[in-house]
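J.: Take a look at this one; I'll ask things after.
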Amino acid sequence: MTMRVANAVAESRNGAIETRPYPAIPGPDAAVSPTPVQAPTPAVSPTATPTPTLTPTPPPWTPVPGTTFQWQLIGDIDTSVDVDAYDIDLFDAPVATIQELRDDGRKVICYFSAGSWEE
């Protein structure tokens, strides 16, 4: 195998001319060895993701015939009315009032208007 060597000529900071060798360059008759190829890395098997345990939710409440209601969409909500369920305006009802009714064992149905215009 023959190698060609070249030199670089450069001017140094102090003005002196310097000769520096370039790395050896293989000649035209040099045997070229193939670039080694790495074996593919085996794929890592994914670990099984555990299936989450779902907490069953109770079915939605469905009023039966004879269920008593207090339907109040304006003003302070009168929580003293002895009924099974309250139908109130969600926008105007304080969270504390809704919680008070639920703590008292009453169902709370909230009216809300989505996308309509009201005065």
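J.: Whole-Hz Karplus ³J(HN,Hα) for the range 101-107, in order, using 6.51 cos²θ - 1.76 cosθ + 1.60 and θ = phi - 60°, x for Gly and Pro?
T.: 3J(HN,Hα) across the range 101-107, in whole Hz: 5, 5, 4, 7, x, 9, 7.
J.: List every residue whose amide H lies under 5 Å from the amide H of Cys110, counting only residues 5 or more places away in sequence or on a different chain, with H placed 1.01 Å from N in the peptide plane.
T.: Ile88
J.: Roughly what would the spin-label model give for Asp89 and Thr51, points 7 Å off Cα along C-beta, in nm?
T.: 4.8 nm
J.: What spacing in nm lies between the two simple spin-label points modelled at Ser116 and Val44, each 7 Å away from Cα in the Cβ direction?
T.: Going by the 7 Å Cα→Cβ label model, 5.6 nm.
J.: Can you tell me which of 52-60, 109-117, 70-78 comes out highest on packing, and rank the rest after it, using the mean Cβ neighbours within 10 Å?
T.: By packing density, highest mean first, the sequence is 70-78, 109-117, 52-60.
Computed from the coordinates by the stated procedures, all read-outs in this text should not be read as laboratory data. Everything numeric in this text was worked out from a predicted model, so none of it was measured. Cβ: placed from backbone, ideal geometry, glycine included. Neighbour counts: every protein chain shown.
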